[in-house]
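Below: the structure, in structure tokens.
Bear in mind that the values in this text are calculations on the coordinates, not laboratory data. If you're wondering where the values come from, they're calculated on a predicted model, not measured in any experiment. Here the Cβ positions follow ideal geometry from the backbone for every residue, glycine too, while neighbour counts run over all protein chains shown.
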Amino acid sequence: MSVSARNSGYEGETGAARRERILRAAVGQGLLDPDTALLAGFVDLDGVEGTVTSLRNAFPDSLRVLHAFAAKANCLVPVLEELRRGGMGCEVASAGELARALEAGFDPAHIVFDSPAKTRAELARALSLGVAVNADSFQELARIDDILATRDTVSRIGVRINPQVGGGSISAMSTATATSKFGIPLTDEGNRRRLLRAYRDRPWLTWVHTHVGSQGCPLDLIAEGIARAVEFAEEINAHLGRRQVTGIDIGGGLPVNFADDETTPGFDTYVDRLREHAPALFSGAYEIVTEFGRSVLAKNGFMAAYVEYTKTVGGRPIAITHAGAQVATRTVFAPDAWPLRIEAYDPGGTAKHGRPVAQDVAGPCCFAGDLLARDRELPLLDAGDLVVVPDTGAYYFSTPFHYNSLPEPAVHGARVDADGHVTFRPLRPAPTADHAVPDHAVPDVAVLAGR
């Protein structure tokens, strides 16, 4: 049983049964409608609460830990508000994410700013607010020097190091390879000595940060990278003869199981690996920051879309739905790395249980590769049916891609009480017909569509 099912208001319900309950309520309340609401995202707020609790419980109470949610995984302000009320901080990677974190009410002291491309203005604002900053390069450190020459700050400041321990099965998600764009590479010639001088010359440099990667990275690889960062923090303090480094930001990156409803690996398993590889992290000598994103939200969200048409081409059935590249960009363009489950429901939101038939599940975008699933065995989909895509609470419907000027789908937060009744909270309203797409520029990625 998933974390969201175990910690829901309605005990004993499996992930699929819970999704069906929420889906039927959404149809009944008009949040999904074949004429006016063709696609929507749903966040299980009870599940989010349970996942945050499991994260907090995985780390010993004796440690000083700030769990900062990676806003890139789901940057909707009401979702961030829910996480803040659950005791989390917020990790941001752009000025826009910082603005959303502040709007969601996070104390600046509980916000961490990571980005390889921070501008002078962004750094100055973060430092003036007291937001924690992890410098990504020696050049960025020099910019911080210039800013601090004219003002004081209460910000915690660290350096992101690249432990260069290697990559996982998805290269794009691996950030501790020999040539990663992130952080200062620890094993490149001369860098270790240069970093030791940087800490010696900057008494305000009191944190070490690392992030090995996320999906596709095995736990032992992640833990080994964190161990290298802890070892380097110890080396800095020994070299300086004082405890200057007092905090270690270990990043996020717990992989998510997209194969079924089991929440595995769990945060407790992850912490066990950390104990094996980096026991000094648990000595109590360091404050700790984590930056989990996908593993907090992915399994606590799903999207649902209507089937508009069906056809048979070359002997294979195809269902044309309203969910495609605009809400599942990674899956459409890299299906082998980002496969998603698909579930079939009738127009009322009841699961279909017919004989499985191999079929394609396509989206609405105007290019041939816009497919959520290829040759997938499902009960045969009909026009007017609903498809549900589980495990999409992070990165999918929350950060849409505006290909074909398709509108952002509405997003609803769901809670289920002890009697099984579902209530919804709007997390992002559907756009009006006149404002279907935000005013910002639509990215030109026609080359990805083979055009």
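Can you spot the aspartates and glutamates whose alpha carbon is less than 15 Å from Lys311's alpha carbon? Ignore those fewer than 8 places along the same chain.
Asp360, Asp375, Asp382, Asp385
Roughly speaking, what is the stretch gain from Glu81 to Phe333, that is 0.36 nm per residue apart minus the C-alpha to C-alpha distance, in nm to one decimal?
So the chain would gain 87.6 nm between Glu81 and Phe333.
Please state the Cα pair-distance histogram of region 1-151 with 5 angstrom bins from zero: what percent is in each bin?
2, 8, 15, 14, 15, 14, 11, 8, 6, 4, 2, 1, 0
Taking Cα centroids, how far is region 98-153 from region 209-267 in Å?
What the calculation gives is 22 Å, centre to centre.
Quick one: Debye curve from the alpha-carbon atoms of the chain only, equal weights, vacuum; give me log10 I(q)/I(0) at q = 0.07, 0.10, 0.14 Å⁻¹ to two decimals.
-0.37, -0.74, -1.30
Mind listing the phi-derived Karplus ³J(HN,Hα) values for region 346-359, rounded to whole Hz, using 6.51, -1.76 and 1.60 with θ = phi - 60°, and x for any glycine or proline?
Couplings: 7, x, x, x, 9, 4, 8, 10, x, 4, x, 10, 5, 7 Hz.
Lys299: which lysines have alpha carbons under 25 Å from its alpha carbon, excluding same-chain residues fewer than 8 sequence positions away?
Answer for Lys299, where 25 Å is the Cα cut-off: Lys72, Lys352, listed by chain and number.
What value in Å³ per residue do you get for the convex hull of the alpha-carbon atoms in region 46-297?
Once divided by residue count, the hull of region 46-297 is 117 Å³.
Between Thr153, Ala233, Val296, whose Cα lies farthest towards the positive end of the dipole of region 46-297 when Lys and Arg beta carbons carry +1 and Asp and Glu beta carbons carry -1, centred on the Cα centre?
Thr153
Going by Cα centres, region 284-327 and region 165-189 are how many Å apart?
27 Å
At 25 °C and 0.890 mPa s, what whole-number value in µm²/s does Stokes-Einstein give for the translational diffusion of region 195-342, with Rh from the Kirkwood sum over Cα pairs?
133 µm²/s
Which cross-chain or sequence-distant (5 or more) residues have an amide H under 5 Å from the amide H of Leu66, H modelled 1.01 Å from N in plane?
Ile288, Val289, Thr290
Quick one: putting +1 on the C-beta of Lys and Arg, -1 on the C-beta of Asp and Glu, what dipole do you get for the chain around its Cα centre, in Debye to the nearest 20?
Using only the charged Cβ atoms, the result is roughly 1040 debye.
Hey, got the dipole for region 291-442? About the Cα centre, +1 on K and R Cβ, -1 on D and E Cβ, debye to the nearest 20?
260 debye
Using 0.36 nm per residue of separation minus the Cα-Cα distance, give me the extension gain between Thr14 and Asp375 in nm, one decimal.
The span from Thr14 to Asp375 would gain 127.3 nm if fully extended.
Can you give the FRET efficiency to the nearest 0.05 for Glu103 and Arg243, using r as the Cβ-Cβ distance and R₀ = 45 Å?
The value I calculate is 0.80.
Under 15 Å from the Cβ of Gln244, count the other residues' Cβ atoms, weight Lys and Arg +1, Asp and Glu -1, and hand me the total.
After counting each charged neighbour, the total is +2.
Would you be so kind as to identify all helices of the chain, as entire DSSP H runs, whose Cα atoms reach 30 Å or more along the helix's own axis and whose mean Kyte-Doolittle hydropathy is at least -1.0?
Span-like helices, by this rule, are 219-240.
Expressed as a rounded percentage, what relative contact order does the chain have, with Cα pairs under 8 Å and six or more residues apart?
Taking the mean separation of contacting Cα pairs over the length of the chain, I get 18 percent.
Placing +1 at every Lys and Arg Cβ and -1 at every Asp and Glu Cβ, with all other atoms neutral, what dipole size does region 201-353 have around its Cα centre, in debye to the nearest 20?
Roughly 440 debye for region 201-353.
Determine ³J(HN,Hα), in whole Hz, for all residues of region 38-43 in sequence, where each value follows from phi through the Karplus function 6.51 cos²θ - 1.76 cosθ + 1.60 and θ = phi - 60°; x replaces Gly and Pro.
Karplus-based 3J(HN,Hα) across region 38-43 equals 7, 8, 8, x, 10, 10 Hz.
Taking the Cα centre of the chain as the origin and placing charges on Cβ (Lys, Arg +1; Asp, Glu -1), which of Pro185, Pro108, Ala126 is farthest toward the positive end of the dipole?
The listed residue farthest towards the positive side: Pro185.
Would you grab the residues whose amide H sits under 5 Å from the one on Gly251? Only those 5+ places off in sequence or on another chain, please, with H modelled 1.01 Å from N.
The answer is Thr210, Glu291.
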